[in-house]
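The block underneath contains the structure these notes are about, expressed in structure tokens.
The values are calculated or read from the model by the stated rules, or taken from the named source; none is laboratory data. Quantities reported herein were computed from a predicted structural model and do not represent experimental measurements. We place every Cβ from the backbone using ideal geometry, glycine too, and count neighbours over all the protein chains shown. To get the accessible areas, we keep the full protein, side chains included, count just its heavy atoms, and leave off ligands, DNA and RNA. Shrake-Rupley method; radii C 1.70, N 1.55, O 1.52, S 1.80 Å.
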Amino acid sequence: MLGKVVVRAVLNGQECEFLADPRQTLLEVLREELHLTGTKEGCGNGNCGACTVIVNGRPVNSCLMLAVQAQDAVIETVEGLARGSKLHPLQQVFLEEAALQCGICTPGFLMAAKALLDVNPDPTEAEVRHYLAGNLCRCTGYDKIVRAVLKAAQVLREESEKAAEVSA
Amino acid sequence: MATATQYRVIGTRPIRPDGYGKVTGKDQYGADVILPGMLYCKVLRSPHPHAIIKAIDVSKALALPGVMAVVTGDDLPRIESSEKVSSGEETIEARFMTALCLAQDKVYFKGQPVAAVAATSLATAQEALSLIEVEYEPLPVVDDVLEAMKEDAPLLHGDLYTESLAGKGSKPSNIAGRVEHARGDVDKGMAEADVVIEREFRTQMVHQGYIEPTNSTAYVAPDGRITIWTSTQGAWDIRNQVATILQIPEGMIRVIPMEIGGGFGGKFTAYLDPVVVLLSQKTGRPVKAVMTRAEVFQATGPSSGTYIRLKIGAKRDGTLVAADAFMVYDAGAFPGSPVGGASVTGLSPYNIPNFKILGFDVVTNRPRVKAYRAPGATAIAFAVETVLDEIAERLGIDPVDLRLKNAVGPGDRMTNGVPYPSIGFRELLTAVKEHPHYNAPLEGKWVGRGFAAGFWMNGSGVSTVHLTFNTDGTVNLIEGSTDIGGTRATMAQIVAEELWLEMEEVKPMVGDTQIVGFNDGTGGSRTTYSTGVAVWKACQNAIAEFKVRAARMLEVDAEEIVFEAGDFKVKGHPDRSVNIREVIRNLRHTGGHFEAVGVSGGLKMAPAFGASLVDLAVDPETGKVEILRWTQFQDVGKAIHPSYVEGQLQGGAAQGIGWALYEEYIFRDGHMLNPTFLDYRLPTALDLPMIDTCIIEVPASDGPYGVRGVGEVSIVPPPAAIANAIYRATGVRMNELPMTSERVWRAMSQRQSRVEQEAS
Ligand code: FES
Ligand code: FES
């Protein structure tokens with residue numbers, strides 16, 4: 001069996017190095033080695049999206065990615081979403097819209113939704129539903145989650161319009 | 001108590017105080033527990049659905065470097081009695097609980113635990129499982145309830161005799177129990193009916209499907225004291241089960257309920273807790289176990305599969321005159337299906353002068369079932385509400401009118417004879433009739449609208465809460481009810497309402513079994529109701545003491561103090577008053593700190609009625625059902641935090657839709673063929689439209705604000721509503737769940753060939 005491998009990556013904006021057993025998933029390393037337990041495990045085989053993180057700008061089921069594959073990658077997890085104590089608009093709107101009940105699916109939804117809004121700032125309801133179809137929620141029936149993502153998109157658009165005005 | 005128009009906080013939608021930890025990933029769920037020196041546990045499970053364990057050899061596993069301990073059923077005490085332990089909405093014999101943790105001598109279902117390993121890494125624990133040698137003698141398997149009832153079926157338990165009101169049966173049987181309720185004379189009633197419909201129904205096992213897998217971590221200190229960090233709906237249930245299974249006094253055990261990723265009735269059972277305790281006892285180190293999704297499917301309770309035969313008779317004007325229900329509910333490996341719940345729900349919403357209900361609890365070589373949201377009610381409602389739809393159609397009566405004509409009201413009786421307290425079923429049906437959705441036109445081929453109602457008793461039970469007070473004038477609220485969907489927010493709202501504080505001034509938390517007094521678990525839709533009463537009482541107790549303190553501050557007798565709008569005032573001297581915050585800030589100067597406790601128990605039933613209204617389209621080529629519009633109705637008594645009430649309605653409706661269209665355990669010879677979320681399909685965001693809600697508020701008879709529990713009934717009507725809509729869209733009556741594309745397509749094809757045959 002191979003020994004542990006040193007993996008260098010940018011994790012939530014910080015350059016970092018960690019050791020990974022070649023058979024460990026990114027999810028396991030994030031949770032059990034780096035103690036970033038905000039990323040959740042619901043199924044371990046790519047079917048629930050609770051483990052969604054963003055790798056190089058794309059949403060990834062971290063339970064299906066080996067940690068050693070993250071060499072030189074830029075990784076974003078739910079822990080990196082807020083700026084200090086200022087919540088990301090997605091987080092704020094999820095709270096305001098009651099888009100979570102038990103909350104176990106929430107980090108995955110937040111990261112998948114961020115990945116969506118990063119590339120599509122003005123999605124339709126159908127686009128949101130399509131994009132989030134890989135994330136399971138058993139508590140909410142998705143209604144409030146979809147509404148929250150649409151509203152967060154609007155907040156983000158307004159924020160960037162304001163920022164554009166200021167810089168103009 | 002304030003009247004409806006005066007509430008300041010009840011009925012508003014504050015941000016839930018525990019939400020910040022959830023959106024930032026900081027809250028700790030069970031699997032997030034990481035302790036110094038912690039070991040990882042994996043469980044070896046039976047590959048056979050039914051077998052005798054002849055021998056287990058763990059020596060090779062123990063020799064693997066990194067393996068610290070291995071346990072088997074021999075490490076658990078043998079419980080010979082039929083002593084029972086509580087497990088949420090049911091009780092279960094302790095010996096069967098033992099078998100659910102680690103099998104002793106025999107396995108009854110595939111996935112039953114046989115041995116468990118604690119090792120320094122997950123991978124090592126996993127590897128060790130393959131080194132454990134178990135010799136099995138496979139036995140004949142019965143994995144179908146109707147087969148299991150037959151005289152010559154393989155027997156699961158040599159010592160199981162049918163239990164009924166008549167006593168115990170005389171010879172061992174797979175029929176564990178028999179329930180019966182009756183009123184009037186069914187034969188006479190049927191003879192008087194103008195229309196009689198009789199149908200057979202089948203439903204399959206479905207899982208609660210909580211996204212967070214079952215988990216537990218335990219540490220046993222050198223003095224024997226046990227701490228358990230676990231994901232549970234009922235910390236006291238887990239403490240009682242662990243104490244009973246391991247024969248350890250309860251006082252030695254502290255159960256800390258972590259944040260919980262869904263339960264729906266399924267997280268009341270100590271599947272892993274006794275096992276990690278044993279392993280920690282052996283190693284002196286903390287031990288954590290987390291199930292895989294396949295383990296969750298195969299070894300934690302799904303809900304029963306059922307066989308139901310139902311006959312209902314009605315007069316030409318729609319008056320129901322007789323009903324005859326025969327129900328068989330699959331308990332899985334050990335007795336305890338929710339057939340009792342079924343027998344008092346399905347027909348209870350209607351006044352029927354003559355009925356007979358016969359139900360059987362039957363064991364099979366399948367996972368032992370557990371409560372799932374309104375346990376037992378959904379399958380029987382599927383039968384009752386589709387037969388009523390057929391009767392309405394035959395008689396040319398509007399389906400809601402048919403229900404209104406027969407609907408129960410306060411004082412009418414449930415099928416078990418218990419009279420209803422205040423209920424809002426008629427108000428709910430009227431709201432459906434008046435709703436824009438019900439009156440909107442729906443046109444086109446292959447589309448249909450369906451309606452169905454549902455009923456659930458709702459639980460009450462015991463809750464204890466504590467209020468303590470801070471020198472800045474704020475209040476801590478400690479409840480013992482696991483918060484799955486926002487109860488810290490709703491309980492804090494009650495405190496803020498009663499004490500005239502702002503929401504932010506109340507700091508709620510969930511305590512463990514050593515921090516707060518006894519609490520029944522979060523299940524049976526009881527938390528908002530019963531814990532709400534405890535919170536309300538604690539507030540009244542606090543106000544009583546505050547009056548004494550305010551009197552000291554104002555230098556008058558306590559009898560002269562009144563509490564109004566947040567101020568303690570001297571009667572007749574409105575200018576002499578002190579605000580509650582001042583009283584709290586000064587507690588230590590006016591007699592010292594104190595805490596206010598509230599305990600609830602013995603509350604009247606506060607039943608819930610719900611209904612689903614659906615528009616859907618069926619693809620004639622594939623049988624695929626697409627939900628176009630959904631409205632979920634419910635009498636909630638009083639919505640304390642409307643967003644989370646809506647969430648319960650929407651979530652229950654979504655689960656009901658999953659049960660109706662996609663979800664089922666598929667078995668072959670006792671082997672579940674689809675234990676993944678890929679093959680066992682939960683509804684996704686893409687499968688559902690927005691789920692509209694219509695909240696009706698008919699106050700309950702007991703408790704503050706007239707509130708009723710809201711958690712469960714929303715799962716009851718969806719399958720029947722969908723079946724009724726499929727009929728409108730296609731002309732076929734579905735009598736089996738789930739109504740997958742294939743089943744709908746087959747039913748449509750059969751109907752087509754019947755039509756063609758009749759034509760030729
Ligand atoms: S845990 Fe990765 S998709 Fe479910
Ligand atoms: S909020 Fe519980 S699974 Fe989504």
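When Lys and Arg each count +1 and Asp and Glu each count -1, what net charge do the other residues less than 13 Å away from B:VAL418, Cβ to Cβ, add up to? Can you show the working numbers first?
Working: positive: B:ARG183, B:ARG413, B:LYS604; negative: B:ASP412.
Once positives and negatives cancel, what remains is +2.
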| query | Once all Cα-Cα distances of chain B are split into 20 Å bins that start at 0, what whole-number percent is in each one? | reply | 16, 46, 31, 7, 0
| query | Chains B and A: buried accessible surface, both sides, probe 1.4 Å, rounded to 100 Å²? | reply | 4300
| task | Step through the table entries B:LYS26/B:LYS507; B:LYS311/B:LYS356; B:LYS84/B:LYS356; B:LYS54/B:LYS110, compare each Cα-Cα distance with 21 Å, and write down the pairs that go over it. | result | B:LYS84/B:LYS356
| remark: Once normalised by the length of chain A, the mean sequence separation of its alpha carbon contacts under 8 Å that are 6 or more apart gives a contact order in percent of 22
| task | Per residue of B:685-696, count partner chain C-beta atoms within 10 Å of its C-beta, then hand back the mean as an integer. | result | 5
| query | Hey, can you rank B:721-734, B:704-717 by average C-beta count inside 10 Å, highest first? | reply | B:704-717, B:721-734
| message | Suppose we keep just the alpha-carbon trace of the stretch A:89-167; what are its Rg and Dmax in angstrom? | response | 12.5, 43
| said: For the ranges A:94-106, A:154-166, B:691-703, what's the packing order if you count other beta-carbon atoms within 10 Å of each residue, average per peptide, and put the highest first? | reply: A:94-106, B:691-703, A:154-166
| said: On a 1.4 Å probe surface of the protein chains, which of B:ARG581, B:ARG368 comes out largest in accessible area, and what is the full order? | reply: B:ARG581, B:ARG368
| request: Give the Cα extents of the protein assembly as shown along the principal axes, in whole Å, largest first. | output: 84, 82, 69
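At 0.36 nm per residue, and after removing the present C-alpha to C-alpha distance, how many nm does the segment from B:THR468 to B:GLN28 gain when stretched out fully? Present the calculation step by step, with values, prior to reporting the outcome.
Values: separation 440, 0.36 × 440 = 158.40 nm, distance 2.40 nm.
Full extension of this stretch gives 156.0 nm more.
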| Translational D in µm²/s for the stretch B:610-663 (Stokes-Einstein at 10 °C, 1.306 mPa s, Kirkwood Rh from C-alpha pairs) | 126
| query | Which percent of the accessible area of the protein assembly as shown is formed by carbon and sulfur heavy atoms (probe 1.4 angstrom)? | reply | 50
| field | Within straight-line cross-link reach of B:LYS60, lysines at Cα separation under 16 Å, skipping those fewer than 8 residues along the same chain | value | B:LYS42
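Give the percent of DSSP beta bridges with both residues in chain B that are antiparallel, rounded to the nearest 5. Could the numbers behind the result be given before it?
Values: 103 of 135 bridges.
Antiparallel bridges make up about 75 percent of those DSSP assigns within chain B.
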| request: Output the relative contact order of chain B, whole-number percent, from Cα pairs under 8 angstrom with separation of 6+ residues. | output: 15
| said: Could you give each residue of the stretch A:56-63 its phi-based ³J(HN,Hα) in whole Hz, using Karplus coefficients 6.51, -1.76, 1.60 with θ = phi - 60°, and x for Gly or Pro? | reply: 6, x, 10, x, 9, 7, 5, 6
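Can you tell me the accessible area per residue over the stretch A:89-167, all protein chains present, probe 1.4 angstrom, in square angstrom? Could the numbers behind the result be given before it?
Details: 2850 Å² over 79 residues.
For the stretch A:89-167, the solvent-accessible area averages 36 Å² per residue.
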| task | Take the alpha-carbon centre of the stretch B:395-470, take the same for the stretch B:667-693, and report the distance between them in whole Å. | result | 27
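If you count, for every residue in A:44-55, the Cβ atoms of partner chains within 10 Å of its Cβ, what is the mean? It would help to have the intermediate numbers written out before the result.
Numbers: counts 8, 6, 3, 8, 7, 3, 4, 0, 0, 0, 0, 0.
Mean inter-chain Cβ contacts per residue within 10 Å come to 3.
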| Percentage of interatomic Cα-Cα distances in the stretch A:1-116 larger than 26 Å | 17
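Ranked from highest to lowest mean number of other Cβ atoms within 10 Å per residue, what is the order of the peptides B:145-153, B:335-343, A:74-82?
Working: B:145-153: 15.1, B:335-343: 26.1, A:74-82: 20.9.
Going by the mean number of other Cβ atoms within 10 Å, highest first, we get B:335-343, A:74-82, B:145-153.
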| When the helices in chain B are scored as -39500 (n - 2.57) per DSSP H run of 4 or longer and the sum is shared across all residues, what 222 nm value do you end up with, to the nearest 500 deg cm²/dmol? | -8000 deg cm²/dmol
| Could you work out the helix-only [θ] at 222 nm for chain A, with each DSSP H run of four or more residues adding -39,500 (n - 2.57) and the total divided by the number of residues, to the nearest 500 deg cm²/dmol? | -10500 deg cm²/dmol
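Shielding of A:127-137 by partners, i.e. mean partner chain Cβ atoms within 10 Å per residue? Present the calculation step by step, with values, prior to reporting the outcome.
Details: counts 0, 2, 7, 3, 2, 3, 4, 3, 3, 8, 8.
Mean number of neighbouring Cβ atoms from other chains: 4.
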| request: Taking the Cα centre of chain B as origin, work out the dipole magnitude from +1 charges on Lys and Arg Cβ and -1 charges on Asp and Glu Cβ, in debye rounded to 20. | output: 260
